[in-house]
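The values are calculated or read from the model by the stated rules, or taken from the named source; none is laboratory data. Quick caveat: nothing in here was measured; it's all calculated off a predicted structure. Please note: Cβ atoms are built from the backbone with ideal geometry, for glycine as well, and neighbour counts cover all protein chains shown.
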Amino acid sequence: MDATEARGNLYRLLARCYREAPDATFLQQLETPPLSKALALVGMDLQETLSGLPREHRLETLAVEHTRLFAGPGKHISPHESVYLSDGSELIGSTTHQVRRFMESADLFLPVNSVYLPDHLSVELDFMADLCAREGTKTLQSEFLKQHLGRWIPAFCEQVCEETELPFYRALAELTRNFIASEQELLANQTTG
Amino acid sequence: MTQRRDFLKLGAAAAGASLTGGALVSAAELKKGGEDFSPLSGAERTAVPTTCWQCVSRCPVIGYVENGRLAKIGGQPASIRTEGLLCAKAQGGVNQIHDPDRLLYPFKRVGERGSGQWKRISWDEALTELAGRLGKLREAGHPEKFMFHYGRMKASSSKLIKSVFLAGYGTKTIGNHTSICEGGKWTAQELTWGSHYDNWDFDHTRYVLNFGSNCLEAHTNHTSVAHRLVRALADRRVKMVTFDVRLSNTAAKSDQWVPVRSGTDGAVALAMCQVVVEQGLYRGKGEEFLKFCKFTAAPQASQKEKLDALKTHLASYTPEWAEKISGVPAETIRSIAIEFASSYPAVVISYRGAVAHYNGNDTERAIQMLAALTGNIDNPGGRCKAVGPKWKYPKFPGKKPKAKKLKIVDGFPGQAKLPTHHLSHQVLKMIKDGRNGRPDIYMWYCYQPVYSNGDVAENIEILKDEKLIPYSVCITPFYDESAALADLILPDATYLERWDWEDMVSPNQVAEYYIRQPVTPPPGEVRDFADVCCDLAKRLGFPLGVDSKEEFVRKSCELTHGVKEAGGFAYMKSHGVWHDPAAKPKYYSYRKVVKPEALSADGVVSDAATGVYWNWKKTKAKSADEARSKGYTHTKNAYKGYVGQQIGDTVYSGFKPDKVNKSGYFELYSTIMEEKGLPALPTYVPIPEHQAMKDNELVLTTYKVAVQVHSRTQNCKWLSEIYHQNPAWLNPESARSLGVSDGDPIRVTSERGVLETRAQVTPAVAPGVIAISFHCGHWEYGRYASGKHAATGSAEVPDEVKWWTDNGAHPNWIIPNRADPINGQQRWMDTVVQVSKR
């Protein structure tokens, strides 16, 4: 597997994690080698992060925490770039439109019946995965990180780390932050070099 | 770089996980509609005609959509109601869609009720659970144990949800919120002139006499009415006098503000009636109208008998008597009465300042009497019967089940004698009491039981108690104080994301037909609850005949005369509004003579006691004999068969009754009230708790401001930026005697508890009164309303977005849920409080 494809897979994996809480199938996949071992290598040792949770309550606990952190109701950490960034703090804000335009300029479109808005974290990550699957998109990838994902991921992840009561989501947030940082570095080198 | 390699390993390993389906597709895979938008064409702005919902006025508006995003809301120039104008609340509606704290998914409670622990669930899971519970009750023969409680549900939403879905299900345990709005005013109108709603014809009036209405800031038909009043005042120099405890902005724009003691408007109105009769000012138009009025027990009384009865009744209600009660000088009352009666056409207007009291029913009846005595009823320039559109809509297919009902929506036995608009603010108390049964499922829609009623602490306690309410469902676009206490939250569409046909009355007496359509699609998993009802009904085995509200609206457009011919649904979608260009303003509807064939139709009988012609077949009577022997007044639902009123030798369409078996007269002598042991003629009754007030006590009055509605607009950033704090208004005289200065923190104490706020010392409120607005003091409802941080964790709302920290105080914590003993209206303006510096 080449590096770009691997990067794309990881974006896709993270997108899945932020979109919804894991279901039984997904959690099992996460816990099965080689994925579980690879996750452990980057600080997300599931045995460790899930160790405090009784097996029969794991899915429920993860779902409740996912809800509390990323969905509400009430106070939560909005996984929408337009809300998270301070330029108006609006759902479907001007940033949402910019993200949509960016995606459409890469000939990627969000269906009209999509549950998620273009600037939902999971959609932005999916977009990066889609770019990774295409040749000649390094500049687009770099620009998207610069203009969008990279602008809010560090603070967002830091806040998740502070707020979450589950090691699973702390590890996920740390993984996300570190990965995006590494991506920025990689793409900066590749596009300037 | 080690970590980079590890990331790649992880990425390679992730290939094994089934991560199908990224969010995005390439253009070729797009579903129909997606290709409408091209990033290359630049900003494209679409104007979508739709309808506001910020307040109950429901003004036609235009939403301007730019890049798939609602950029602004403007007026609808084609509307004959608003004439293209729009208030601040309507413009602030943009924020409803973009509220960063809005609900995007269904949520199920996981911790203890009210603990704030939730799990996002799918619609399928939510509806499976709900349909399971609803189905069980229905199959067990107890559909009435499903209580549905709505705050605002109008027009097509009401028809589809209430008349089709709930009727198809079989529950009549349906609560509204009219008793905390202005239900009392409507009951008084039903008793006098039949169906409720008075329109004030400012376009043609020469004089405006106002009792307790703040219609320039808040009204059930706000923009339509307010801009016409402004035009009358500014362009035609119409004189306006306002009686109010507070210098509202409406009072401020009047020629004269007359401060009045709280709850004594009825005494002033009666004294004005006394002046009109004593000085013969009824002669002319008033005298002509007397023919259509009932002032005595006998239906066919002569003019002289009527006038004699009036003189006797009003004799003691002199301006001097009213001065002692109201604090308004007798000479002021007399001179305003004379001006009003001499300025035909003149309009007397009223609202909660006058009617949300213990004695509100008869205050409104006294005001109706003043209008009647001067001939200012349903005439150009006067107090008119409302005119609205008559939509036709698809009915429930097949036979509806016989509906059942828990007797918990009309208050405790004897609490209100004629609660024609129910006692919604007693529902939770009745559930707690339990003697009339409790719902197993309590669902509320566009309603805020916790915050919008008085007795907030008790509301919370009852809603939290799983023994009292086993299962609760909240349907709302936003997480408010009530949603926080639900078991299941269903994310509703905002009004800018849904379909409706609309039907608010017209200020110019010509009906306007208009629709609401989505300006942008609902985000996330948000769904219009009416669409959800279509789904639920299917799951429960009684499909509604339509699959969505859109289909319901489309079919209604094809069924409705006028709209259909104009081009039906397609016309309405592109124009938003329609009215019959040939229609003449409707006045004097009561003068129409009933055709002889209508009187000889099958089932029509005449009633000697009242002079009413009525069709017993449309009532609960089982035979003509039963109808005749019981008579019109005492046959259940007789008003539904009303045909006309005999006056002299002619049968007139008269004042058609609604909800009560009133005759077709303009009834100032009410047999219905008399039979309930109440005074038949409008009478002043003092407010009991105001009679023995101590020196340090004040009457708490509440009010609304121009940029907010009671509870549902505070999440709008633009509006809460303008109005977010509400210091309590105190007259300098009251403040001095309490030792309170402007800006002081104060404690306002009622028998229900303590409210901490600040004092604003101002002569704009009468002595003896403390005025606290609604709107403020939310503790949920998102960052702009509640003053809470935006998100969990450390990030606060940036200052440049929300710069204010004080979000005010909510008076409902200290206002008890009480009822006008006649009509059940919540007594918003009667609470006695003590005020001290803290």
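Observations on the model:
- Scanning region A:89-106 for residues that are within 7 Å of chain B (Cβ to nearest Cβ), small (Gly, Ala, Ser) and surrounded by fewer than 21 Cβ atoms within 10 Å (Cβ to Cβ) yields a single hit, A:Ser105.
- On the stretch given as region B:84-120, residues that are part of a loop (DSSP other than H, G, I, E, B) and of a type in the set (S, T, N, Q) total 2.
- Within region A:57-94, the set of residues being in contact with a Gly (Cβ under 8 Å, 6 or more places away or on another chain), at pLDDT below 90 and farther than 23 Å from B:Ile121 by Cβ comprises A:Asp87, A:Ser94.
- In summary, B:Leu103 fulfils each of the numbered conditions (1) over 28 Å from the mean Cα position of the chain (by Cα); (2) at negative phi; (3) at pLDDT 95 or above with the single exception of condition (1).
- Some residue of region A:135-157 being of a type in the set (D, E, K, R), surrounded by fewer than 22 Cβ atoms within 10 Å (Cβ to Cβ), within 7 Å of chain B (Cβ to nearest Cβ) and over 29 Å from B:Asn95 (Cα atoms): no
- Pair list, Cβ under 6 Å, 6 or more apart: region B:334-355 residue surrounded by fewer than 21 Cβ atoms within 10 Å (Cβ to Cβ), other residue aromatic (Phe, Trp, Tyr): B:Ser343/B:Tyr207
- Against the numbered list (1) surrounded by 18 or more Cβ atoms within 10 Å (Cβ to Cβ); (2) in contact with a Gly (Cβ under 6 Å, 6 or more places away or on another chain); (3) not aliphatic (A, V, I, L, M), B:Lys617 comes up short only at (1).
- Top-ranked residue of region B:39-83 - restricted to ones that are touching a Phe, Trp or Tyr at 6+ places or on another chain (Cβ under 7 Å) and either at pLDDT below 95 or part of a strand (DSSP E or B) (or both), ranked as nearest to B:Arg152 (Cα to Cα): B:Thr51
- Among residues that are without any contact (Cβ under 8 Å) to a residue 40 or more places away in the chain and part of a helix (DSSP H, G or I), B:Ser158 is included.
- Residues that are in contact with a Cys (Cβ under 9 Å, 6 or more places away or on another chain), within 21 Å of B:Thr220 (Cα to Cα) and aliphatic (A, V, I, L, M) do not occur anywhere in region B:331-342.
- Test: residue in region B:210-233 that is of a type in the set (Lys, Arg) and under 25 Å from B:Arg365 (Cβ atoms): no
- Reported count of residues in region B:668-696, each being touching a Lys or Arg at 6+ places or on another chain (Cβ under 7 Å) and of a type outside the set (D, E, K, R), is 5.
- Residue in region B:558-568 that is of a type in the set (S, T, N, Q), within 23 Å of B:Leu160 (Cβ to Cβ) and touching a residue at least 60 places away in the same chain (Cβ under 8 Å) present: yes
- In region B:628-673, the residues that are part of a loop (DSSP other than H, G, I, E, B) and buried (at least 20 other Cβ atoms within 10 Å of the Cβ): B:Thr635, B:Gly654, B:Phe655, B:Pro657, B:Asn661, B:Lys662, B:Ser663, B:Gly664, B:Tyr665, B:Leu668, B:Tyr669, B:Ser670
- Extreme residue, farthest from B:Gln91 (Cα to Cα), among residues of region B:48-75 that are without any contact (Cβ under 8 Å) to a residue 24 or more places away in the chain and within 14 Å of chain A (Cβ to nearest Cβ): B:Glu66
- Residue in region B:761-774 that is under 30 Å from A:His76 (Cβ atoms), in the same structural domain as B:Met693 (by TED's automatic domain parsing) and assigned to a loop (DSSP other than H, G, I, E, B) present: yes
- When B:Pro389 is tested against the conditions (1) assigned to a helix (DSSP H, G or I); (2) within 30 Å of B:Arg228 (Cα to Cα), the lone failure is (1).
- Residue that is nearest to B:Lys185 (Cα to Cα), among those in region B:811-830 that are surrounded by fewer than 24 Cβ atoms within 10 Å (Cβ to Cβ) and in contact with a strand residue (DSSP E or B) (Cβ under 8 Å, 6 or more places away or on another chain): B:Ala819
- Those residues of region B:124-145 which are in a helix (DSSP H, G or I) and crowded, with 16+ Cβ neighbours inside 10 Å, in sequence order: B:Ala126, B:Leu127, B:Glu129, B:Leu130, B:Ala131, B:Arg133, B:Leu134, B:Leu137, B:Arg138, B:Pro143, B:Glu144, B:Lys145
Let's see how each residue does on (1) of a type in the set (Val, Ile, Thr); (2) in a loop (DSSP other than H, G, I, E, B); (3) in contact with a Leu (Cβ under 6 Å, 6 or more places away or on another chain); (4) modelled with pLDDT of 95 or more:
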position: B:Val797; (1), (2), (3), (4): yes, yes, no, no
position: B:Glu800; (1), (2), (3), (4): no, yes, no, no
position: B:Trp804; (1), (2), (3), (4): no, yes, no, no
position: B:Asn807; (1), (2), (3), (4): no, yes, no, no
position: B:Asn817; (1), (2), (3), (4): no, yes, no, yes
position: B:Pro821; (1), (2), (3), (4): no, yes, no, yes
position: B:Met829; (1), (2), (3), (4): no, yes, no, yes
position: B:Gln834; (1), (2), (3), (4): no, no, no, yes
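- Residues that are surrounded by fewer than 23 Cβ atoms within 10 Å (Cβ to Cβ) and within 14 Å of chain A (Cβ to nearest Cβ), drawn from region B:496-530: B:Pro518, B:Thr520, B:Pro521, B:Pro522, B:Gly524, B:Glu525, B:Val526, B:Arg527
- Hey, B:Ala354 touching a strand residue (DSSP E or B) at 6+ places or on another chain (Cβ under 7 Å), within 19 Å of B:Pro657 (Cα to Cα) and assigned to a helix (DSSP H, G or I) or not: no
- Only one of the listed residues (B:Leu307, B:Leu281) is of a type outside the set (Val, Ile, Thr) and within 17 Å of B:Glu667 (Cβ to Cβ). That residue is B:Leu307.
- From the options B:Gly286, B:Gly280, residue that is at pLDDT 95 or above and not in a loop (DSSP other than H, G, I, E, B): B:Gly286
- Wholly within region A:76-193, helices (runs of 4 or more DSSP H) carrying at least 2 residues that are free of Cβ contacts under 8 Å to residues at least 12 places away in the same chain and within 19 Å of A:Gly8 (Cβ to Cβ): A:167-192
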